[in-house]
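Accompanying notes for the structure given below.
The values are calculated or read from the model by the stated rules, or taken from the named source; none is laboratory data. Since the model is a prediction, treat every value here as computed from it, not as a measurement. Positions of Cβ are generated from backbone atoms using ideal geometry, with glycine treated the same way; all protein chains shown enter the neighbour counts.
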Amino acid sequence: MMGVGAVTKDVKTMILTGIAGLVAGACSTAIGEFVSVYSQYDIEFAQMKRQGNISQKDKLPNPYYAAFASAIAFAVGAFVPLLGAAFVKDYKVRLGVVVGVVSLALFGFGLLSAVLGKAPLVKSSLRVLIGGWLAMSLTFGLTKLVNHVVV
């Protein structure tokens, strides 16, 4: 949404591309996770077979669960800026709202992962927040640059 926001002020276009990004990102993340976890599954299962320890097959990672969880996590995260932008008509305010709600969500997701992983709260939260800011800034800036060069 930040990339589209860099080149158009139209709220409908921003929301539509946000929805397309949500669907595409959720699918891409799910497929990537599925392939990755299935590769891990194959390697671990082959190792179990070599060791004659197939009885522990139920302890292997489930690529279907991993793919589903990744798709849901991506969709929830992508829904945050969509919800923030959906009700704001003014272009500059909309961009500010998107950055604001995404910043809160990033910090919150970082905090949640730190709590669940028993990691340092502030360090973990700031890492996720700063990484998100970097991604938004690069997307906004590069899209603005490409639009300036092309147009």
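For the reader, a short list of remarks on this structure follows.
- Filter result (small (Gly, Ala, Ser) and surrounded by fewer than 18 Cβ atoms within 10 Å (Cβ to Cβ)) within the range 61-92: Ala69, Ala73, Ala75, Ala86
- Looking only at residues in the range 1-46 that are modelled with pLDDT of 95 or more and among the polar types (S, T, N, Q), the one that is surrounded by the most Cβ atoms within 10 Å (Cβ to Cβ) is Thr29.
- Qualifying residue in the range 33-40 (condition: of a type outside the set (Phe, Trp, Tyr), touching a Lys or Arg at 6+ places or on another chain (Cβ under 8 Å) and over 20 Å from Ala135 (Cβ atoms)): no
- Of all residues making up the range 112-127, the number that are part of a helix (DSSP H, G or I) and either in the same structural domain as Ala26 (by TED's automatic domain parsing) or surrounded by fewer than 18 Cβ atoms within 10 Å (Cβ to Cβ) (or both): 10
The rows are residues; the columns are (1) closer than 30 Å to Leu145 by Cα; (2) within 24 Å of the chain's Cα centre (by Cα); (3) assigned to a helix (DSSP H, G or I).
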| site | (1), (2), (3) |
| --- | --- |
| Gly5 | yes, yes, yes |
| Met14 | yes, yes, yes |
| Gly18 | yes, yes, yes |
| Lys57 | no, no, yes |
| Tyr64 | no, yes, yes |
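- Of all residues in the range 82-118, those being more than 15 Å from Ser137 (Cα to Cα) and hydroxyl-bearing (Ser, Thr, Tyr) number 2.
- Any chance Ala86 is in contact (Cβ under 8 Å) with a residue 60 or more places away in the chain, more than 30 Å from Val122 (Cβ to Cβ) and of a type in the set (A, V, I, L, M, F, W, C): yes
- From the list Leu142, Leu82, Leu95, Leu134, the one residue that fits, being under 20 Å from Gly21 (Cβ atoms), modelled with pLDDT under 95 and either out of contact with any helix residue (DSSP H, G or I) (no Cβ under 7 Å at 6 or more places or on another chain) or not in a helix (DSSP H, G or I) (or both), is Leu142.
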